[in-house]
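Following: one structure in structure tokens, then a few remarks.
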Amino acid sequence: MTSPTSFLRGAGRVSTVRRSKPPADSDSAAAAHERALRLLAVRPRGRVELSRALEDRGFAAAAVAPALERLSSQELLDDLSAARSAMRTRGSRYGRSRVERELKARGFDRETIAAADLAEGGAGREDAALRKAFERLWTARADLAPPLRRRRVFDALTRRGFRSEKISEMIRGWYEVD
């Protein structure tokens, strides 16, 4: 029988995982490899994140390490490509600082995060995401008084991880047009 269990993971995020009884072959590297392949089929994951996921599912650390080595030798486990995928998908909606925090919480190191950011467009990607989010929020809050509109849009974009200087610059440009 499965039951949801809440726990803290990474940067204070609460995650809910459906827990079932531990696998019967929790010491088997082959079983850990098979489960890892299923996890990678859902989405790309980094080495640390995949290791955590397998251990959370009841696999022994002694079984996880050889399974990860086997995946690496098969070129199925690549931190940079997993970070690039996350940067591409999350970066289309969120600012660089939020995406970097999320990647760090998932176990990626700073060099991998920086390389993924650079490979996925860096500042240009962030500017395009900010412009898109700003236009949507600014238009949706057109009925508010100007000071309240500016504050709400600013706060929403800050929560999404965009830099305050860029947000202020964009608000000044749009406020003059509006």
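The values are calculated or read from the model by the stated rules, or taken from the named source; none is laboratory data. In this text, all values refer to a predicted model and were calculated from it rather than measured experimentally. Methodologically, a virtual Cβ is constructed for each residue, glycine included, from the backbone with ideal geometry; neighbour enumeration extends over all protein chains shown. To get the accessible areas, we keep the full protein, side chains included, count just its heavy atoms, and leave off ligands, DNA and RNA. Shrake-Rupley method; radii C 1.70, N 1.55, O 1.52, S 1.80 Å.
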Filter region 138-178 down to the residues that are under 30 Å from A82 (Cβ atoms) and buried (at least 17 other Cβ atoms within 10 Å of the Cβ) and list them by number. A156, L157, R160, G161, F162, K166, I167
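Quick test for you: out of R52, R70, R35, R43, pick the one residue that is open to solvent by 30 Å² or more (accessible area, probe 1.4 Å) and in contact with a His (Cβ under 8 Å, 6 or more places away or on another chain).
Only one candidate passes the filter, namely R70.
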Can you tell me which residue is farthest from the chain's Cα centre (by Cα) among those in region 100-128 that are surrounded by 14 or more Cβ atoms within 10 Å (Cβ to Cβ) and basic (K, R)? R125
Determine the pairs where a residue that is closer than 10 Å to R98 by Cα, located within region 144-165, has a partner that is not in a helix (DSSP H, G or I) with Cβ atoms under 6 Å apart, the partner being 6 or more residues away or on another chain. R160/Y94; R160/G95; G161/Y94; G161/G95; F162/G95
Kindly establish whether R13 is at pLDDT below 90, under 24 Å from F162 (Cα atoms), exposed (fewer than 15 other Cβ atoms within 10 Å of the Cβ) and among the basic types (K, R). yes
